[in-house]
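Just below is one structure, and these are the notes that go with it.
The values are calculated or read from the model by the stated rules, or taken from the named source; none is laboratory data. Only a predicted model underlies this, so the values are computations on that prediction, with no experimental measurement involved. So basically every Cβ, Gly included, is an ideal-geometry build from the backbone, and we count neighbours across all protein chains shown. When the accessible area is computed, the model is the full protein with side chains, heavy atoms only, and any ligands, DNA or RNA have been set aside. Shrake-Rupley method; radii C 1.70, N 1.55, O 1.52, S 1.80 Å.
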Amino acid sequence: MTLDGKVVAKLAEQLENAELNRAPITKITDEYPDLDWDDAYEIQDELRRRKTNSGARIAGLKAGLTSQAKMKQMNVREPVFGFMCDYGACADGGEIEFDRFIAPRVEAEIAFVTKREIAGPCHIGTVLAATDFVLPAVEILDSRYENFKFDLISVVADNTSAAAFVSGGNPRRIQDVDLRTLGIVLEKNGEIVDLAAGAAVLGQPAESVVMLANMLARKDQVIPSGTFIMTGGVTAAIGVERGDHIAVRYQDLGSVSMRFV
Ligand code: 0L1
Ligand code: MG
């Protein structure tokens, strides 16, 4: 770790203000080029403390950059992790105010809900046994950095671009679906814009939960029972404009949709 507490607090405040005012900032590594992963997660933790201190509740956890395509694109080998706030939860089939965001993008994901605590280090068997059900989810990403000019350290500090999410469809018991071969179709304004199978996420989305649990274990933390976890984009992240209608159809899990207004 390279930063002291004062600088961590300053950077977290800048990132929160950028989100609240929809006023993007330059990536934080421009001013602090030596930032490491510990700094990045410390800034994210401080951002989380700021939000919960001002009344937000944590609605879930997320893994990002979990697909081979995205890892290759960003030249990384490890996923990144973040959190979702209650105010980011949007209704399935509802309208979402476009002006809440800076430059929103959507990506289709598979979400898990746990029925018991998961403590890392663990393996896929632990995760499968601790999962209550899986369900469709769409993440709405919004970077707080100008013109998407960021690096991974800056992205982690910015809570992995988490902004909002829609979940719904038909939740299913994990043993009733094959998440690897489960097909997903992402449509924008009635046109197919991407296709994927669950295996796009680390071969099996449950692996994403394993990696989240293992990362938390390094900080002496666990995934509590009843946690909603977004396992990472199976499709590409697609830019949206005001008026766009997004629908994602999941094999065996129903569909979710939203309109940006
Ligand atoms: O959820 C994610 O995959 C995190 C992506 C972070 C980078 C971006 O904003 O595209
Ligand atoms: Mg995501």
key: Normalised per residue, the volume of the convex hull around the Cα set of the range 140-251 (Å³)   = 135 Å³
message = I'd like to check one number: the per residue accessible area of the chain, probe 1.4 Å, reported in Å² as a whole number.
response = 44 Å²
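Determine, from the Cβ-Cβ distance of M1 and D178 and an R0 of 41 Å, the FRET efficiency 1/(1 + (r/R0)^6), rounded to the nearest 0.05. Please list the in-between numbers first.
Working: r = 42 Å, r/R0 = 1.02.
My answer for the efficiency is 0.45.
For the chain, which span is the longest to avoid every loop-located (per DSSP) member of GluC sites (Glu not before Pro) having at most 15 other Cβ atoms inside 10 Å?
The segment 118-240 is the longest one with no such site.
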ask   = So what is the calculated 222 nm ellipticity per residue for the chain, using -39500 (n - 2.57) for each DSSP H run with n of 4 or more, over all residues, to the nearest 500 deg cm²/dmol?
value = -7500 deg cm²/dmol
query = Using a Gaussian network for the chain with springs between C-alpha atoms less than 10 Å apart, which of these wobbles most: A197, A12, A217?
reply = A217
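Rounded to the nearest 0.05, what FRET efficiency is calculated for R218 and T26 with R0 set to 35 Å and r the Cβ-Cβ distance?
0.75
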Highest-fluctuation residue, D178, D142, D92 considered, GNM on the chain with Cα pairs under 10 Å = D178
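Normalise the Cα radius of gyration of the chain by 2.2 N^0.38 Å (N = residues in it) and let me know the number. Intermediate results must be reported in sequence, preceding the final value.
On the way: Rg = 17.3 Å, N = 261, 2.2 N^0.38 = 18.2 Å.
The reported ratio for this selection is 0.95.
Please go through the residue pairs K27/K115; K10/K219; K27/K51; K27/K188; K51/K188; K72/K115 and name each one whose alpha carbons sit more than 26 Å apart in this structure. Write out the running numbers ahead of the final one.
Working: K27/K115 38 Å; K10/K219 22 Å; K27/K51 21 Å; K27/K188 30 Å; K51/K188 32 Å; K72/K115 33 Å.
Over 26 Å Cα-Cα: K27/K115; K27/K188; K51/K188; K72/K115.
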remark   = Low-density loop trypsin sites (Lys or Arg not before Pro), the range 56-145, at most 15 other Cβ within 10 Å, DSSP non-H/G/I/E/B, are R57, R77, K115, R116
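Using only alpha carbon pairs under 8 Å that are at least six residues apart, calculate the relative contact order of the range 177-261 and give it in whole percent. Walk me through the numbers on the way to the answer.
Numbers: 125 pairs, mean separation 28.3, N = 85.
Over the range 177-261, the number comes to 33 percent.
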All-pairs Cα distance distribution in the range 9-128, expressed in whole percent, bin size 10 Å = 9, 33, 41, 16, 1
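Please report, as a whole percent, how much of the solvent-accessible surface of the chain comes from carbon and sulfur atoms (probe radius 1.4 Å).
Details: 5380 of 11460 Å².
Here it works out to 47 percent.
State whether the range 1-77 is rounded, prolate or oblate according to the following rule on the C-alpha gyration tensor (a ≥ b ≥ c being the square roots of its eigenvalues): a/c under 1.5 gives rounded; otherwise a/b larger than b/c gives prolate, and the remaining case gives oblate. Kindly include the intermediate steps, with their values, before the conclusion.
On the way: a/c = 1.66, a/b = 1.23, b/c = 1.34.
It is oblate, given that a/c is not under 1.5 and a/b is not larger than b/c.
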note = Using the Kirkwood radius over Cα pairs of the range 107-192, the Stokes-Einstein translational diffusion coefficient at 37 °C and 0.692 mPa s, in µm²/s and rounded to a whole number, is 213 µm²/s
